[in-house]
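Visitor: Structure provided below as structure tokens; questions to follow.
The values are calculated or read from the model by the stated rules, or taken from the named source; none is laboratory data. Because the structure is predicted, anything quoted here is derived from the model rather than measured. Cβ atoms come from the backbone with ideal geometry, glycine included; neighbour counts cover every protein chain shown. The accessibility values were calculated without ligands, DNA or RNA, using every heavy atom of the protein model including side chains. Shrake-Rupley method; radii C 1.70, N 1.55, O 1.52, S 1.80 Å.
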Amino acid sequence: MATVFTRIIEGELPGRFVWSDEACVAFLSINPVNDGHTLVVPREEVEHWIDLDLGTWEHLTRVAKAIGVALQRAYHPEKVGMMLAGLEVPHVHIHLVPIDTMADLDLGNADTDPDPAALDETQETIRLALAELGAEG
């Protein structure tokens, strides 16, 4: 059975995409910890990051860096946190979160009912920052 991320990638479920290429996509978390909380996900369904081929892992981290730079530019946090947890969905995904404290990486603090208009605005903010940086994705 396809993961929720595969269903988003294939358009069966809605997603607010900020990046898409042949190997991966990035979309907003539906339960953001902070504005800008983005997931970088390989198109291929792989459950554990240590099972990714090295080329895919390297690509994911390049994309995560580009989006991280855009998040830093758009939101001006202390840092952009990067986390691999992997227990919530059995499909590799990198969490990118603008953070000012360690609590900003606690998925237990996620907003379970975010405002759709705010998510739309966040998506546009990240896309604009990526475009300003000349990122291709």
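Visitor: State all residues of the stretch 67-99 that are surrounded by fewer than 18 Cβ atoms within 10 Å (Cβ to Cβ) and out of contact with any Ser or Thr (no Cβ under 9 Å at 6 or more places or on another chain); if no residue qualifies, say none.
Guide: V69, Q72, R73, H76, K79, M83, L84, A85, G86, L87, E88
Visitor: Sort out which residues of the stretch 35-56 are buried (at least 22 other Cβ atoms within 10 Å of the Cβ) and out of contact with any Phe, Trp or Tyr (no Cβ under 8 Å at 6 or more places or on another chain), and write them in order of number.
Guide: If the condition is that a residue be buried (at least 22 other Cβ atoms within 10 Å of the Cβ) and out of contact with any Phe, Trp or Tyr (no Cβ under 8 Å at 6 or more places or on another chain), then H37, P42 are the ones that fit.
Visitor: Count, please, the residues in the stretch 29-80 that happen to be touching a residue at least 24 places away in the same chain (Cβ under 8 Å), within 15 Å of V92 (Cβ to Cβ) and among the aromatic types (F, W, Y).
Guide: So the count comes out to 1.
Visitor: Taking the options V25, V40, V92, name whichever one is closer than 18 Å to V4 by Cβ, among the β-branched types (V, I, T) and in a loop (DSSP other than H, G, I, E, B).
Guide: V92
Visitor: Which numbered condition in (1) under 14 Å from the mean Cα position of the chain (by Cα); (2) modelled with pLDDT under 95; (3) of a type outside the set (S, T, N, Q); (4) part of a helix (DSSP H, G or I) is the only one that G108 fails?
Guide: (1)
Visitor: Checking the conditions here, which among R43, R62, R73, R7 is touching a strand residue (DSSP E or B) at 6+ places or on another chain (Cβ under 9 Å) and basic (K, R)?
Guide: R43
Visitor: Tell me, which residue of the stretch 7-31 that is open to solvent by less than 20 Å² (accessible area, probe 1.4 Å) and out of contact with any helix residue (DSSP H, G or I) (no Cβ under 7 Å at 6 or more places or on another chain) is nearest to D104 (Cα to Cα)?
Guide: This residue is S29.
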